[in-house]
Amino acid sequence: RLFPRRVTAAPARSAHRPNPDAYRLYVLGQGRLTRRGLSVNEAAESFRQAIAQDSLFALAYSGLSMALSLMPWFHHTPSPEVHDDVVVAARHALRLDSTLALPHVALGMVAMQAYDWVSASAELATAVRLEPNNIEARVQYARLLRVSNRYAEALAQLRAAKSVDPASALVLSHLAWT
């Protein structure tokens with residue numbers, strides 16, 4: 001061959017097996033995060049406790065970044081107060097496992113809150129590319145597309161999310177808004 005095949009490194013997926021207690025706290029946090037509302041603060045605390053049990057648990061940092069990014073909506077915390085903590089948790093999660101989508105969603109959400117549409121778009125598009133069946137990634141990307149007056153693309157993202165979970169209250173509520 002005249003030109004050798006270009007070899008690209010695969011994204012780093014963490015081979016780390018979490019501490020069972022940390023995993024239990026992570027699952028508890030995910031359940032609380034799904035409920036939204038005031039449970040978002042409880043979710044953040046569960047993820048913090050999971051991290052205290054196992055500081056190499058990427059999914060716990062990912063969950064923490066998502067919980068913190070939702071605080072302005074569900075816990076009335078001003079965006080600037082959580083911005084740095086979201087970025088730290090998300091970047092740490094990605095250092096531990098670069099294949100995770102939710103840290104990119106969290107980074108995209110704080111970028112939207114800072115009106116940084118270019119960064120938000122890049123992060124959310126990355127999240128959808130990494131996990132096409134991730135409803136949160138598609139819904140948040142649709143939110144960005146909607147505020148950018150790209151309604152047809154927003155609807156396409158929401159329809160893709162609905163095809164994954166037709167009964168998702170999160171997806172159905174955003175479809176109603178779009």
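Some points to look at:
- Set side by side, the residues 101, 111 differ, and just one is touching a residue at least 24 places away in the same chain (Cβ under 8 Å) and either open to solvent by less than 60 Å² (accessible area, probe 1.4 Å) or touching an Asp or Glu at 6+ places or on another chain (Cβ under 6 Å) (or both), which is 101.
- When we screen 70, 28, 38, 56 for residues that are of a type outside the set (Val, Ile, Thr), open to solvent by less than 40 Å² (accessible area, probe 1.4 Å) and either closer than 21 Å to residue 111 by Cβ or free of Cβ contacts under 8 Å to residues at least 60 places away in the same chain (or both), the only hit is 70.
- Note on the stretch 76-87: residues that are touching a Leu at 6+ places or on another chain (Cβ under 9 Å) and open to solvent by 80 Å² or more (accessible area, probe 1.4 Å) amount to 1.
- Only helices (runs of 4 or more DSSP H) whose full extent lies in the stretch 73-178 are considered here, and the ones with at least 3 residues that are modelled with pLDDT of 95 or more are 79-96, 102-113, 117-130, 135-147, 151-164.
The values are calculated or read from the model by the stated rules, or taken from the named source; none is laboratory data. Every value quoted in this text rests on a predicted model; they were computed, and no experiment measured them. Methodologically, a virtual Cβ is constructed for each residue, glycine included, from the backbone with ideal geometry; neighbour enumeration extends over all protein chains shown. We work out accessible area using only protein heavy atoms, side chains counted, and drop any ligands, DNA or RNA first. Shrake-Rupley method; radii C 1.70, N 1.55, O 1.52, S 1.80 Å.
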